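Asker: Take a look at the following structure, please.
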Amino acid sequence: MQLTAEEEAMLAGKRGPAVAKAMEILVALGEIYGAKRLASVASVQVAGVSYGNLGQAGLDFLCEWADQGARVVVPTTLNPAGMDLQAWHEMGIPEVYARSQLEIIDAYRAMGVTTNCSCTPYLAGNLPKLGQHIAWSESSAVSYANSVLGARTNREGGPSALAAALTGRTPAYGLHLDHNRQAGLVVDVNCQLTSTADYSALGYIVGPKAKDKAPYFRFHGRPQPGLDELKALGAAMAASGAVALYHVEGITPEARCRHALPGGAATMAIASVEEGFRALDGNSQAIDLVWIGCPHASLAEIEHTVDQLRDRQLVAKLWVTAAREVLHTASARGLTARIEACGGRVVADACLVGAPLREMGITRMATNSAKAAFYLRTQQGVQVRFGTLAQCLDAAVQGKWLA
Ligand code: F3S
């Protein structure tokens, strides 16, 4: 791989041992994947934040790099943690978990990372431009950045993203290159989709069928998807498959480029998304907690939640997860207070897949996110109901899932 003089100097340790180690990681990765050079990145999003996923070994690794003087050189944000970093006590997070989680955040802060934690950094001030190279980690954020924004990123692991943040570089292979951004599967959606849960269910169906191909969607029903629907679609495909890029005819930026749809792509047609609902929905009647905001909710989604709550009092817990910046705007507009008046909360920084749910006594949940439903069941072992926002809010009001 061709390195510039500056990159050679970093590799030789001229900027300290942590940067040298970071360059070693990037060069090794580039050689494995046949990269010819490193690309400069405009921003980084680092996964490997929740204590539930990182554990003590991960915390020790981060502290070691921070102690060696490692500092990021491009704007860098974090994936969600396992709790709200400020309101963890109100969430019922055990103190021993919270202390370790906060140590992880301190280590990142010492490296110069912006420590607001979200899987929607693009809703919180980190908005890459069309064609920019970035190094992001979280699968739904990667999908959104590649597909909806037209930025370029592979799905980075925690160490490779941190290495990119310390050096400002990433190996130029995979989705950084034009020819890997072509669609390989045309998906004709012939049914009408009316909720973000519908798009989530669609993504859950298409993800495994796409395999390593980028899907090219043609939506033949009305209305066409907006940004929240695209966010849900991409998150679900990244969870059920490994889709990191998709195109939508007439909507996403690269669908207009010649490279997006080469001749000879396979096709599939979708007549209904019921299969997705059936696969994700469980059978628990009682509900402890309803989770909205996977990926983290936009302001519009918080507004819809308030509208559909209609000031009803809740029996089950309702948590709406969002980036802290979005929470601030929602608070300024009185939306957070409306949710709290019903007995719910808007929670910043957190992903409940990484939260200590069982220790908090939560075993039965409902969500309108296919990704949340999938990981809550497979990683947390909780019982999950999957449905529309209206169904989830009704469940929060009744404390049980209505048939
Ligand atoms: Fe975000 Fe966690 Fe969902 S990282 S996409 S809230 S599973």
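The values are calculated or read from the model by the stated rules, or taken from the named source; none is laboratory data. Since the structure is predicted, the reported quantities are computational estimates derived from the model, not experimental observations. Note that we place each Cβ from the backbone using ideal geometry, even for glycine, and neighbour counts take in every protein chain shown.
Asker: Could you tell me whether any residue of the stretch 79-87 is within 27 Å of TYR122 (Cα to Cα), surrounded by fewer than 24 Cβ atoms within 10 Å (Cβ to Cβ) and away from the ligand (no atom under 16 Å from the Cβ)?
Answerer: yes
Asker: Output yes when any residue across the stretch 267-277 is in contact with a Gly (Cβ under 7 Å, 6 or more places away or on another chain) and either assigned to a loop (DSSP other than H, G, I, E, B) or modelled with pLDDT of 95 or more (or both), and no when none is.
Answerer: No, the stretch 267-277 has no match at all.
Asker: Among the helices (runs of 4 or more DSSP H) contained in the stretch 279-391, which hold 1 or more residues that are modelled with pLDDT of 95 or more and more than 14 Å from the ligand (Cβ to nearest atom)? Let's see the steps before the verdict.
Answerer: Working: elements: 299-309, 324-332, 335-342, 370-375.
Counting at least 1 such residues, we get 299-309, 324-332, 335-342.
Asker: May I ask you to say which residue of GLU64, GLU31 is surrounded by fewer than 16 Cβ atoms within 10 Å (Cβ to Cβ) and more than 30 Å from ASP349 (Cα to Cα)?
Answerer: Every option except GLU31 fails the conditions.
Asker: May I ask you to list pairs of residues, at least six apart or on different chains, whose Cβ atoms are under 6 Å apart, with the first in the stretch 104-118 being over 16 Å from GLY52 (Cα atoms) and the second being surrounded by fewer than 22 Cβ atoms within 10 Å (Cβ to Cβ) and of a type in the set (Lys, Arg)?
Answerer: Every condition considered, the pairs that remain are MET111/ARG71; GLY112/ARG71; THR115/ARG109; ASN116/ARG324.
Asker: Next question. Suppose we keep only residues that are within 16 Å of the ligand (Cβ to nearest atom) and among the aliphatic types (A, V, I, L, M) within the stretch 239-274. Which one would you say is farthest from GLY150 (Cα to Cα)?
Answerer: Selected residue: ALA239.
Asker: While we're here: Out of all the residues in the stretch 204-224, is one or more among the aromatic types (Phe, Trp, Tyr), free of Cβ contacts under 8 Å to residues at least 60 places away in the same chain, touching a helix residue (DSSP H, G or I) at 6+ places or on another chain (Cβ under 9 Å) and surrounded by 22 or more Cβ atoms within 10 Å (Cβ to Cβ)?
Answerer: For the stretch 204-224, residues among the aromatic types (Phe, Trp, Tyr), free of Cβ contacts under 8 Å to residues at least 60 places away in the same chain, touching a helix residue (DSSP H, G or I) at 6+ places or on another chain (Cβ under 9 Å) and surrounded by 22 or more Cβ atoms within 10 Å (Cβ to Cβ): present.
Asker: If we scan the stretch 394-402, do we find a residue that is in a strand (DSSP E or B) and among the aromatic types (Phe, Trp, Tyr)?
Answerer: No: zero hits.
Asker: Next question, about the same structure. Considering only residues of the stretch 294-311 that are in contact (Cβ under 8 Å) with a residue 40 or more places away in the chain and not hydrophobic (A, V, I, L, M, F, W, C), which is nearest to THR321 (Cα to Cα)?
Answerer: HIS296
Asker: Could you list, in sequence order, the residues of the stretch 1-28 that are assigned to a loop (DSSP other than H, G, I, E, B) and buried (at least 19 other Cβ atoms within 10 Å of the Cβ)?
Answerer: ARG15
Asker: Working only within the stretch 388-403, note down all residues that are of a type in the set (Gly, Ala, Ser), touching a residue at least 24 places away in the same chain (Cβ under 8 Å) and surrounded by fewer than 23 Cβ atoms within 10 Å (Cβ to Cβ).
Answerer: Correct list: ALA390, GLY399.
Asker: Same structure again: In the stretch 205-236, what residues are closer than 19 Å to CYS191 by Cα and in contact with a Lys or Arg (Cβ under 9 Å, 6 or more places away or on another chain)?
Answerer: PRO215, ALA232, ALA236
Asker: Another question about this same structure. Please list, ordered by first then second residue, the pairs with beta carbon atoms under 7 Å, 6 or more apart or interchain, first in the stretch 326-340 and touching a residue at least 40 places away in the same chain (Cβ under 8 Å), second surrounded by fewer than 21 Cβ atoms within 10 Å (Cβ to Cβ) and part of a helix (DSSP H, G or I).
Answerer: Sorted first by the residue in the stretch 326-340, then by its partner, the pairs are VAL326/LEU299.
Asker: Can you spot a residue in the stretch 359-371 that is in contact (Cβ under 8 Å) with a residue 12 or more places away in the chain, over 13 Å from ILE302 (Cα atoms), acidic (Asp, Glu) and touching an Asp or Glu at 6+ places or on another chain (Cβ under 6 Å)?
Answerer: no
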